[in-house]
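The structure appears below as structure tokens.
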Amino acid sequence: MPASGAPITDPTRMTPGKWYLMSCGWSLVLIPNAIAAATSTDYGVPARVLFTLAVVAYALVYIFGVYRAMLLGSRLFTIGLIVVMTALWLVSVAGVSADVQALYTASYVVVAAVALLPSPQGPIVAALICAAGIGYVLLTGGGIEIGEIVAMAAIVIAMTGMFGLLRVNSELRNAREELAGLAVTAERERIARDLHDVLGHSLTTITVKAGLARRLLERGEAERAAEEVTDVERLGRQALADVRSTVSANRVASLARELAGAREALRAAGIEASFPTAVDDVPADRQQAFAYVVREGITNVIRHSGASRCTVTLTPTTVEVVDDGVGSPATTPPGNGLSGLTERLAAIGGWVDAGPLPDGGYRLRAECAPAQRPLLERVVRREERS
């Protein structure tokens, strides 16, 4: 994105054909100057030809050179272009009769200076070019009306304002495109993170229950095995619904439902569970993030820990999942699940701490800063104490 005051690269975002059509139409204003230079009685034929060619070259350099300089963004090319256009403009002004007002044609070189040079350099250079033209005409004995000076000043001011707006619009357009790209990236990351959470837990639970059903069938306990298979079917349907909701951004995790599902998954895996009986103490704005912590923690306990017991602790500001399994080395880099939890907790002003315990086992802890009481409540309590 260009910085404020930087040169504009293709400010109108036109195709070359559209630019040439517009600039050629504007250059038709130079036709009276070309005719005046060709028919002037003040000079001989060679001089009239030279002045006429200067007017034509001035228009051509404007049409093709300015657009090219916008695309290139080369400072050396820009300076050379402005110098050439200034010289051609002064020659074209010298070639017309004294009674022909030609100073207003400075608008072309003013456009080049203001559009291609950063602010405030562009307006300053444009003003100096106009002043040089006025001085040149006066030194060569020509006459200048006050209206011409006012017109040239107005041209510089108008071009400065117009290209200033173009710069702002260009920056806003670039910012909007960048934000759109960031939004797409953020949505992809959200879908990937949510699918990891949904499928990781659901497939782990399905695998554990399918294994339990197989063992029950091997022991001849067909009735209990059928119950587990029914649960596998239910979990499969729930996982499919969760995937659809995740893609459409309609899924909201429930802390109570996650605790109930986690208790059932641990039971199927043969792990003793110690869970809180209620979630009412957890503020509503934290329950969804805490639900994802429980989901990720229980999934890791079942898949990696080899634990015999798992404990989940809830407070208004923390959630903790602790097991007595083998844990993992402290140097193990965080996986996608922990990275996703870190992002979720950061969004509500919290953080995640995970690692092995000194006496064995593993702990996953998420914590949020205590919520401050409303200002009015704090004032009332302070007055009551006083």
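The condition of being more than 20 Å from ASN169 (Cα to Cα) and at pLDDT below 80 holds for only one of VAL83, VAL96, that being VAL96. The residue that is nearest to ALA113 (Cα to Cα), counting only those in segment 156-182 that are in contact (Cβ under 8 Å) with a residue 24 or more places away in the chain and under 8 Å from the mean Cα position of the chain (by Cα), is ALA175.
Scanning segment 37-73 for residues that are polar (S, T, N, Q) and surrounded by 14 or more Cβ atoms within 10 Å (Cβ to Cβ), we see that the one that is modelled with the highest pLDDT is THR52. Evaluate segment 25-36: report whether one residue or more is within 38 Å of the chain's Cα centre (by Cα) and either crowded, with 18+ Cβ neighbours inside 10 Å or outside any helix (DSSP H, G or I) (or both). The answer is no, given that none of the residues of segment 25-36 is within 38 Å of the chain's Cα centre (by Cα) and either crowded, with 18+ Cβ neighbours inside 10 Å or outside any helix (DSSP H, G or I) (or both). Does GLU383 qualify as being modelled with pLDDT of 80 or more and out of contact with any strand residue (DSSP E or B) (no Cβ under 9 Å at 6 or more places or on another chain)? Taking the combined requirement at face value, the residue does not satisfy it. Within segment 259-272, the set of residues being on the phi < 0 side of the Ramachandran plot and either surrounded by fewer than 19 Cβ atoms within 10 Å (Cβ to Cβ) or β-branched (Val, Ile, Thr) (or both) comprises ALA260, ARG263, GLU264, ARG267, ILE271, GLU272. Every condition in (1) among the charged types (D, E, K, R); (2) at pLDDT below 85; (3) more than 37 Å from the chain's Cα centre (by Cα) holds for ARG344 except the one numbered (3). Considering segment 53-75, the residues that are in contact with a Ser or Thr (Cβ under 9 Å, 6 or more places away or on another chain) and not aliphatic (A, V, I, L, M) include one that is farthest from VAL111 (Cα to Cα), namely GLY73. Taking each residue of segment 224-238 that is aliphatic (A, V, I, L, M) and looking for partners that are outside any helix (DSSP H, G or I) with beta-carbon atoms closer than 9 Å, six or more apart or interchain, yields ALA225/ARG219. Here segment 339-354 is the region considered, the condition is being out of contact with any Ser or Thr (no Cβ under 8 Å at 6 or more places or on another chain) and surrounded by fewer than 18 Cβ atoms within 10 Å (Cβ to Cβ), and the residue that is nearest to GLU320 (Cα to Cα) is ASP353. Filtering segment 204-222 to residues that are buried (at least 19 other Cβ atoms within 10 Å of the Cβ) and more than 18 Å from ASN300 (Cα to Cα) leaves LEU212, ALA213. Restricting attention to segment 280-325, the residues that are surrounded by fewer than 18 Cβ atoms within 10 Å (Cβ to Cβ) and part of a loop (DSSP other than H, G, I, E, B) total 8.
The values are calculated or read from the model by the stated rules, or taken from the named source; none is laboratory data. Because the structure is a prediction, the values reported are computed rather than measured. Using ideal geometry, Cβ is built from the backbone for each residue, glycine included, and neighbour counts are taken over all protein chains shown.
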